[in-house]
Amino acid sequence: TATPTEPESVVKKYLEELKGAPADEDCMICMEKLSSPSGYSDSCQSSTIRPEAVGRLRNCQHSFHMLCMLAMYSNGNKDGSLQCPSCKTIYGEKTGTQPKGKMEISTFPQSLPGHKDCGTIRIVYHISRGIQGPEHPNPGMPYTARGFPRYCYLPDNEKGRKVLELLKVAWRRRLIFTVGTSNTTGESNTVVWNEIHHKTEMDSNLSGHGYPDPNYLDNVLAELAAQGVTEDCLGQ
Ligand code: NAD
Ligand code: ZN
Ligand code: ZN
């Protein structure tokens, strides 16, 4: 396991401190002018980051108070990664809060509606109820896990196999599920899908999460990319 990194050093790794603040720009995090001190000066204190310090993210070039970025980072799951609040560019490797469980993969010859020329990949996710950790909304409280194991389907063609490999990366990074409130049932403190859609029906489409759906593979590739999971992650 990696040694925990100081929040300050994560902020300094990805933001380059500017000599002068851009004159008329606001900080997207605290909504104050970048030329005035961070709006988080009272609630977030640091011995090495001044309330006036302004930094620019290295790749996307968006600027924020460095203290605001520190407050934002400290409010998250502190995994060493940062996400630009303006354009959502991810710095480092974003991880989620998916509880422990198991991902199983198998294939079978029957084809999916809309993918008649190949067989099918089946993913089975197993997660059991447990106690929430510090990364969850209510640490120490139980969470439920409804409807597990959950069965999901992909066409067993080149693009489907690529999505599968990326889903394995997302699983390792704990991005497929989270603990929260279910939109479907309204239950809180329960395991729910995160922002990466899965097809849970193969030969019917009663829920709207079935086949055929000609855009599904492209959509899920975009959702994976939004979590920082792209082809660049394969082979790691
Ligand atoms: P949710 O309802 O909070 O929704 C989160 C995301 O999952 C949304 O993007 C939504 O579009 C998507 N989603 C909703 N229903 C889906 C489905 N059937 N297949 C694939 N994606 C779906 O998330 P949740 O509570 O984790 O998921 C709800 C689904 O999980 C239910 O429709 C049901 O299939 C299953 N579930 C089953 C039981 C059970 O007791 N059998 C209990 C709870 C949930
Ligand atoms: Zn700010
Ligand atoms: Zn940005």
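The values are calculated or read from the model by the stated rules, or taken from the named source; none is laboratory data. Nothing here was measured: the structure is a model prediction, and the numbers come from that model. FYI the Cβ positions are ideal-geometry reconstructions off the backbone, even for glycines, and counts take in every protein chain you see. What goes into the accessible areas is simple: the full protein's heavy atoms, side chains included, and nothing from ligands, DNA or RNA. Shrake-Rupley method; radii C 1.70, N 1.55, O 1.52, S 1.80 Å.
Tabulated values for the structure
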item	result
Fluctuation leader among S43, S74, S86 - the chain, Gaussian network, Cα springs under 10 angstrom	S43
Additional length obtainable on full extension of the chain from N215 to S86, 0.36 nm per residue less Cα span	43.7 nm
Helix runs (DSSP H) in the chain reaching 24 Å along axis by Cα, Kyte-Doolittle at least -1.0	none
Sequence-distant lysines (8 or more away, or on other chains) whose Cα lies within less than 27 Å of K159	K88, K94, K102, K116, K168, K199
Cβ charges +1 (Lys, Arg) and -1 (Asp, Glu), total dipole of segment 184-236, debye	100
Cα→Cβ-extended label distance, 7 Å offset, between D203 and N75, nm	4.9
Choice from H198, H209, H65 showing the highest fluctuation, given a GNM over the chain with Cα pairs closer than 10 Å	H209
Formal net charge of residues neighbouring G39 (Cβ-Cβ distance under 13 Å; K, R +1; D, E -1)	-3
Amide N proximity, segment 137-155 versus S188 label position 7 Å along Cα-to-Cβ, cut-off under 19 Å	137-146
Accessible area of the chain divided out per residue, in Å², using a probe of 1.4 angstrom	54
Top of T200, T178, T107 by mean-square fluctuation, Gaussian network on the chain, Cα under 10 Å	T107
Cα gyration tensor category, rounded, prolate or oblate, for segment 19-119 with a/c compared to 1.5	prolate
Net lengthening on full extension, R58/D117 (0.36 nm per residue, minus Cα-Cα)	16.7 nm
Local electrostatic count, T48, Cβ distance below 15 Å [Lys/Arg +1, Asp/Glu -1]	-1
Loop-located trypsin sites (Lys or Arg not before Pro) in segment 8-45, at most 15 other Cβ atoms within 10 Å (DSSP)	K19
Given charges at Cβ of Lys, Arg, Asp, Glu: the chain dipole, positive-most of S128, Y143, S63	S128
Test item: Cα-centred dipole of segment 1-85, Lys/Arg +1 and Asp/Glu -1 on Cβ, debye	240
Under 14 Å, Cβ to Cβ, from C118 - net charge with Lys/Arg +1 and Asp/Glu -1	+2
Estimated dipole of the chain in Debye, rounded to 20 [Cβ of Lys and Arg +1, of Asp and Glu -1, Cα centre]	640
Residues with amide H under 5 Å from that of Y143, placed H, sequence gap 5 or more	G130, I131, Q132
